[in-house]
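One structure is given below, encoded as structure tokens.
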Amino acid sequence: MAYWYFKDSTEQVDFELSWPLAKKWQLGLSSIYDLDESESLASEASITYDACCWAARISGETRRRHNAEDETAIFFTLELKNLGKFSTNY
């Protein structure tokens, strides 16, 4: 959880929750809430499968835009682990 204060502007709270569902599966939830306007500015939910060499995540996100419609998006992320590491043995 985080608290944000922007000088002469607004106060916001950022919540994040990560919960293991089963071995290698994880649920993630997050939200940014504006205390002055009493409204949610952004919300996200995700589910992740984390294997030894790779991880896959599907997430959905909604963001509030001032003077515009809310934006909603769905993302798929594939993470390939341990690529790009260089090392030398002495």
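Read-outs throughout are calculated quantities, based only on the coordinates presented, and are distinct from any laboratory measurement. Here the structure is a predicted model, which means the values were calculated and not measured. Quick reminder, even Gly has a Cβ in these numbers, built from the backbone with ideal geometry, and neighbours come from all protein chains shown.
Out of SER18, SER31, SER43, any idea which swings most in a Gaussian network model of the chain, alpha carbons joined below 10 Å?
SER18
Take the eigenvalues of the Cα gyration tensor for region 2-80, scale each by 5, and report the square roots as semi-axes in whole Å, largest first. Spell out each step's value before the answer.
On the way: eigenvalues 174, 43, 19 Å².
Each semi-axis is √(5λ); the values are 29, 15, 10 Å.
What is the sum of charges around LYS24, taking Lys and Arg as +1, Asp and Glu as -1, for the other residues whose C-beta is under 15 Å from the C-beta of LYS24?
+1
Report relative contact order for region 2-80 in percent, whole number only (criteria: Cα-Cα under 8 Å, sequence separation at least 6). Intermediate values should be presented prior to the final figure.
Values: 166 pairs, mean separation 15.3, N = 79.
After rounding, I find 19 percent.
Order of ARG65, ARG57 from fewest to most other C-beta atoms within 10 Å?
ARG65, ARG57
Roughly how many whole Å is it from the C-alpha centroid of region 39-88 to that of region 1-38?
So the separation of the two Cα centres works out to 15 Å.
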